[in-house]
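J.: The structure under discussion is supplied below as structure tokens; questions concerning it will follow.
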Amino acid sequence: MKQTLIIANWKMNGSILANSKLLIAMLKFHNKLQHVELVICPPFPYLHQVKEYMVGSNIKLGAQNVNENNSGAFTGEVSADMLKEFSCRYVLIGHSERRALFQESNDIIAKKITQAMDAGLTPVLCIGESLEQREKGDAQAVILEQLSCVINDIGLKKFKSVVIAYEPIWAIGTGQTASPEQAQKVHRMIRQYIYGLDPILSKSISILYGGSVNEINAAELIKQKDIDGFLFGGASLKSDSLETICKLKI
Ligand SMILES: O=C[C@H](O)COP(=O)(O)O
């Protein structure tokens, strides 16, 4: 059975003290998480701190971004090999905040995925439509374009190791989550698209939902057939919310 994947994206939040409190609280419930794979994605400077706390637990470490190059004169950037050295297992790629604020194109995102995979990291490919695109009826086309650009670039064989995170931009950090039905409809569409390429992969690939997930709406969302877990931000900074979401019976 596929494990439920829960990824906590701290975004640009935290401090050494605040992180310590959160991590100590998490370690109290981590051993009850047999049915979920919990991944923490802190800002880069805190990777080491989180890694130290996670020793002996089954909580995994992830990063929020990676550069599309191997090494060299890319001031301020971090390579996939560096993340691997810091014990990262996962890396978020193409988050909508990076696409919008840092002009990351589908082409750059495909290159980042290749870098991540070459270093042995599991890339979490974030996709999703804006409110404007949804209202114009373009959501499906946008999502399939984001997916197909990556698949065409890296090839289906490599794509088998990618995790997909569907995050409607209008639901991120707004408190306005997609309804379980809305989310399921898109997840089903994504899975059917993958089915058309590779029926076996369509069953094994994890498709996460993200966008204002919290301890209240998570229970209904996770019951949806094609939702395999969550990528969440705000609620991941609150240990009580995190614990409730991780303990949901799938
Ligand atoms: O990476 C996480 C997503 O952007 C969702 O963030 P949020 O849970 O704060 O809406």
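Let's see how each residue does on (1) under 18 Å from the mean Cα position of the chain (by Cα); (2) aromatic (Phe, Trp, Tyr):
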| position | (1), (2) |
| --- | --- |
| 108 | yes, no |
| 161 | yes, no |
| 170 | yes, yes |
| 178 | yes, no |
| 192 | no, no |
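J.: Another question, then. Can you tell me which residues in region 202-225 are surrounded by fewer than 20 Cβ atoms within 10 Å (Cβ to Cβ), farther than 16 Å from residue 36 by Cα and out of contact with any Pro (no Cβ under 9 Å at 6 or more places or on another chain)?
T.: If the condition is that a residue be surrounded by fewer than 20 Cβ atoms within 10 Å (Cβ to Cβ), farther than 16 Å from residue 36 by Cα and out of contact with any Pro (no Cβ under 9 Å at 6 or more places or on another chain), then 202, 203, 214, 216, 225 are the ones that fit.
J.: How many of the residues in region 110-143 are in contact (Cβ under 8 Å) with a residue 24 or more places away in the chain, loosely packed, with under 15 Cβ neighbours inside 10 Å and closer than 16 Å to residue 193 by Cα? Full working, then the answer.
T.: Step one: of region 110-143, the residues in contact (Cβ under 8 Å) with a residue 24 or more places away in the chain are 110-131, 134, 139-140, 143.
This time we only want the ones that are loosely packed, with under 15 Cβ neighbours inside 10 Å, so: 118, 120, 131.
Now narrow it down to the ones that are closer than 16 Å to residue 193 by Cα: none.
Total satisfying the criteria: 0.
J.: Next up: Considering region 195-227 alone, what residues qualify as being touching a residue at least 12 places away in the same chain (Cβ under 8 Å) and either part of a strand (DSSP E or B) or closer than 14 Å to residue 160 by Cα (or both)? Outline the logic, then answer.
T.: Within region 195-227, the subset touching a residue at least 12 places away in the same chain (Cβ under 8 Å) is 197-198, 201, 204-215, 217-227.
Selection gives 197, 198, 201, 204, 205, 206, 207, 208, 209.
J.: Cβ-Cβ under 7 Å, sequence separation 6+ or interchain: first residue in region 161-190 and farther than 18 Å from residue 142 by Cβ and touching a residue at least 12 places away in the same chain (Cβ under 8 Å), partner of a type in the set (Phe, Trp, Tyr) and within 13 Å of the ligand (Cβ to nearest atom). Which pairs?
T.: Every condition considered, the pairs that remain are 176/170.
J.: To continue, here is another question. Kindly indicate the residue of region 194-212 that is within 17 Å of the chain's Cα centre (by Cα) and among the aliphatic types (A, V, I, L, M) and also farthest from the ligand (Cβ to nearest atom) among those meeting that condition.
T.: The selected residue is 205.
J.: Something else about it: Restricting to region 157-184, and then to whatever is assigned to a loop (DSSP other than H, G, I, E, B) and not polar (S, T, N, Q), can you tell me which residue is farthest from the ligand (Cβ to nearest atom)?
T.: Step one: filter region 157-184 for residues assigned to a loop (DSSP other than H, G, I, E, B), giving 160-162, 167-168, 172-179.
If we keep only those that are not polar (S, T, N, Q) too, we end up with 160, 162, 167-168, 172-173, 175, 178.
Working: 160: 23, 162: 16, 167: 5, 168: 10, 172: 4, 173: 4, 175: 8, 178: 11 Å.
Looking at the filtered set, the residue picked out is 160.
J.: Could you tell me how many of the residues in region 77-100 are over 10 Å from residue 66 (Cα atoms), assigned to a helix (DSSP H, G or I) and away from the ligand (no atom under 12 Å from the Cβ)?
T.: Result for region 77-100: 2.
Read-outs throughout are calculated quantities, based only on the coordinates presented, and are distinct from any laboratory measurement. Just so we're clear, the structure is a prediction, and the values are computed from it rather than from any experiment. Note: ideal-geometry Cβ built from the backbone for every residue, glycine included; neighbour counts use all protein chains shown.
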